[in-house]
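A.B. asks: Before I ask anything, here is the structure I am working with.
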Amino acid sequence: MSVQIKANGDMIGRAVPRIDGRLKVTGAACYPSDVVLDDTAHAFLVMSTIARGRISALDLTEAQAVDGVIDILTYENTKGKVHKVRFFALGGYTSTSIVPLDTRKIWHDGQIIAMVVAETFEAAREAAYMIRVDYMERRAVSGLDGRKPQPRAAAGFLSSEPGVGDPETAYQEADVKIDAYYSTPAQHHNAIELYATTCAWSGDQLTVYESSQYVYGLKNGVAKQLGIRPERVRAVSPFVGGAFGSKAAITPRTALVAIAAKRLGRPVKLVATRQQGFTVSSYRAETQHHIKLGADRSGRLTSLSHEGWEISSRADDYKVAGTDTTSLLYACPNVATHVNIVHADRSTPGFMRSPAEVPYMFALESAMDELAVKLRMDPVELRRLNDTQIDPINQKPFSSRSLIACYDRAAAAFGWAKRNPEPGSMQDRDWLIGWGCATACYPTNIGPAEVRVTLAPNGKARVRTAGHDLGTGAYTAIALTAAEFLGIPLEDVNVELGDSSLPPAPVAGGSNATASICNAVAHACEDIRERLARAASHEGALRGVDPAVIRLREGMLVGADKSEPLKSALLRIGFGPVEGHAKYTPEVASVPIKLLGHTLLSKGIPVLTVGTSAGNHVQYAFGAEFVEVRVHKRTREIRVPRLVGAFAAGRIVSPITARSQLLGALIWGVASALHEETEIDERVARYVNKDLADYMIPVSADIRDVEVILVPEEDNKVNALGIKGVGELGNVGTNAAIANAVYHATGRRIRNLPIRMEDLL
Ligand code: MOS
């Protein structure tokens, strides 16, 4: 597709509040969890209470006697009913390779071992607690601690093992060296909308109402699990109450709800509890890192090695392998990377916001700060000295890279020049003040998308595609793009998303949605403009004007100083709405559009073109984050009164919602640095803080000044509209910036997250 896409800039980039805001705050937005159909039966899950072993006996007698109980699914009556569908990281759909209710085998604590269906939620829950389970239990291994990691070649998912030169020799010969280990904890997404599913059959047609980042994946994957044709399944998720990666792959619950609904001949609704959610879907696994940096006396990097260890389940090889990013961040002639998977008796981890960069950049950006301290150099100057416009591994240029501009803008806004570099030197009464900074970055991913746009004679437009708004502002960005290219007011654009009966769009993950869908919308609008312009050049006010110069602006067709109302132009080519259609495939290598919606990966081809392998260049968005921490001299309480982030991510389509993404991401970074950790009882490999009372996150009182600066950046290589995406950029590096600030305040280098007051006693 070689259509010339020219944005006027009238609407794209305009600061408007989110267009779905009113629906959300008034409760009119119907989330999948809100769906209640006539005659719905209610399901409740039963989860294993051991992490490793087998079920030796199930006694359902008491449960079946509970008033209102209709059916209980267990491996005894469900085995073989759910077909095995490949794990998403291997080109499939599922969040785990463990097939639900297929076996007596227990892979992890909190595995689904039964599902009770009853007339009411309460009856189903009561019965669930009355099921007696006998186990043959084996000793479980919970994780990385106290166990030598076992290197193992892992199935490659979005990752190679980048390396160049001779890092070991360069390290030996380096003037200044850093050699340190870092770790990050397990974390859970904890989206506010729980893992809820309603399935309803109409004849052989199944509708699945489920909060999802990928309705096409859900539709195709569930069809495969049930052994029916994809056309028989419709997945519906117009709104999503938070996801962060947890609703991209199909979890084991969905097929069970579909099977129960079929057996009962009525709709079945399941709402997994907050506690159950900790093992119904995935999580961010804990990681360990070994970083070695070598530099010359001026601060130039001569050697970088980054080895990582990540936990996965015994069922799956899953790794995030952030070394693809840490190996290309700074100029360095000698680089080595390696990532190990450590299998344990745990549920399978998966994507969680900025999956690779959050843990791996923590390690690298902490190590860079340690290097700056050793060199007695300002950490911003160290980044400036080692900045590069070329990927040091394969010498490909960055499509654009404004990292240093971000540092300069954020440093100025923060007042970094006033920093005294001596640890503990800045104080305010009982508080030690620490200032720290770190780099944020995230690859620019993009995928193919199909969009239909209709423009009616009354000037109103409909945009339809099966993308998703995860609360990110996608509805608004898409509407702004359509308004821009159709030359109509924003309020005349209606956007429909999140339904597999709409044209396919990629998974809303990897921060690709704005880039993928808005480029597709532009093409569909161009389809309309072209037809209107061609017809208008034959008759009426624009007769004789070259169709190529005719634009749609402010409800008019304009060109060569002439104009015609949109309405008369529309009536010229038809009586009803005009439809524009686009199958957009990114300019850089990507999966063929015909595979879109069939697999996340197909034969090793990712559905998304990823930033690290985008043809002749690499594409990333960048940012710089500065934080102030205050550590109480006696209690060692840690506060974060100030955060400043400056970000350059190409064209910003919807500045207000983009800023909200970055604000939220910076705040999540505080959680990552100081609060969040899924605590694991190592004796039984069990998550123990499974609710929002015990799973620590910052509350409003923890967050004071947060400033987001959008640094202008033009990039004509990433895609026609120059969009990079901001969804996952902002929380990368925040944890390191805070750890670096804690060092500056106290002189204590904390290399294991989260940093808690007891670490500073
Ligand atoms: Mo995001 S973790 O790529 O859904």
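The values are calculated or read from the model by the stated rules, or taken from the named source; none is laboratory data. Everything numeric in this text was worked out from a predicted model, so none of it was measured. FYI the Cβ positions are ideal-geometry reconstructions off the backbone, even for glycines, and counts take in every protein chain you see.
A.B. asks: For segment 1-26, enumerate the residues that are at pLDDT 95 or above and small (G, A, S).
C.D. replies: Scanning segment 1-26 gives G13, A15, G21.
A.B. asks: Can you find even one residue in segment 486-498 that is of a type outside the set (S, T, Y), within 16 Å of the ligand (Cβ to nearest atom), farther than 30 Å from L371 by Cβ and not in a helix (DSSP H, G or I)?
C.D. replies: yes
A.B. asks: Which of the residues spanning segment 657-695 are of a type in the set (S, T, N, Q), more than 25 Å from R751 (Cβ to Cβ) and assigned to a loop (DSSP other than H, G, I, E, B)?
C.D. replies: none
A.B. asks: Got at least one residue in segment 683-690 being among the charged types (D, E, K, R), within 16 Å of the ligand (Cβ to nearest atom) and within 19 Å of P185 (Cβ to Cβ)?
C.D. replies: no
A.B. asks: Exactly one of these conditions fails for L542: (1) touching a helix residue (DSSP H, G or I) at 6+ places or on another chain (Cβ under 7 Å); (2) within 16 Å of the ligand (Cβ to nearest atom). Give me its number.
C.D. replies: (2)
A.B. asks: For the subset of segment 500-527 comprising residues that are more than 16 Å from the ligand (Cβ to nearest atom) and among the polar types (S, T, N, Q), which member is nearest to G722 (Cα to Cα)?
C.D. replies: N519
A.B. asks: Assess whether F87 counts as being touching a residue at least 24 places away in the same chain (Cβ under 8 Å) and either surrounded by fewer than 17 Cβ atoms within 10 Å (Cβ to Cβ) or over 29 Å from R683 (Cβ atoms) (or both).
C.D. replies: Answer is no for this residue.
A.B. asks: Something else: Would you be able to tell me the number of residues in segment 328-377 that are touching a strand residue (DSSP E or B) at 6+ places or on another chain (Cβ under 8 Å), of a type in the set (F, W, Y) and surrounded by 23 or more Cβ atoms within 10 Å (Cβ to Cβ)?
C.D. replies: 2
A.B. asks: Just to confirm my filter: which helices (runs of 4 or more DSSP H) fall fully inside segment 311-387 and include at least 1 residues that are within 16 Å of the ligand (Cβ to nearest atom)?
C.D. replies: The helices (runs of 4 or more DSSP H) meeting that bar are 323-326, 357-375.
A.B. asks: Working carefully through the options S298, S303, find the one that is modelled with pLDDT of 95 or more and either within 20 Å of D39 (Cα to Cα) or part of a loop (DSSP other than H, G, I, E, B) (or both).
C.D. replies: Just one listed residue meets the conditions, S298.
A.B. asks: Turning to a different aspect of this structure: Mind checking which pairs have a first residue in segment 348-368 that is over 10 Å from V320 (Cα atoms) and a second that is more than 11 Å from the ligand (Cβ to nearest atom) and of a type in the set (D, E, K, R), Cβ under 7 Å, 6 or more apart or different chains?
C.D. replies: T348/D316; S366/R751
A.B. asks: Now a separate question. Residues E714, E758, E707: which one is assigned to a strand (DSSP E or B), farther than 28 Å from P349 by Cα and out of contact with any Cys (no Cβ under 9 Å at 6 or more places or on another chain)?
C.D. replies: Exactly one residue qualifies, and that residue is E707.
A.B. asks: Run T302 past the list (1) among the β-branched types (V, I, T); (2) away from the ligand (no atom under 16 Å from the Cβ); (3) closer than 20 Å to Y195 by Cβ and report the number of the one that doesn't hold.
C.D. replies: (3)
A.B. asks: Another question about this same structure. Take the conditions in contact with a helix residue (DSSP H, G or I) (Cβ under 6 Å, 6 or more places away or on another chain) and surrounded by 22 or more Cβ atoms within 10 Å (Cβ to Cβ) and apply them to A508. Does it pass?
C.D. replies: Judged against the criteria, A508 is not a match.
A.B. asks: Also: Taking segment 36-48, which residues are modelled with pLDDT of 95 or more, closer than 17 Å to Y209 by Cα and in a loop (DSSP other than H, G, I, E, B)?
C.D. replies: L37, D38, D39, T40
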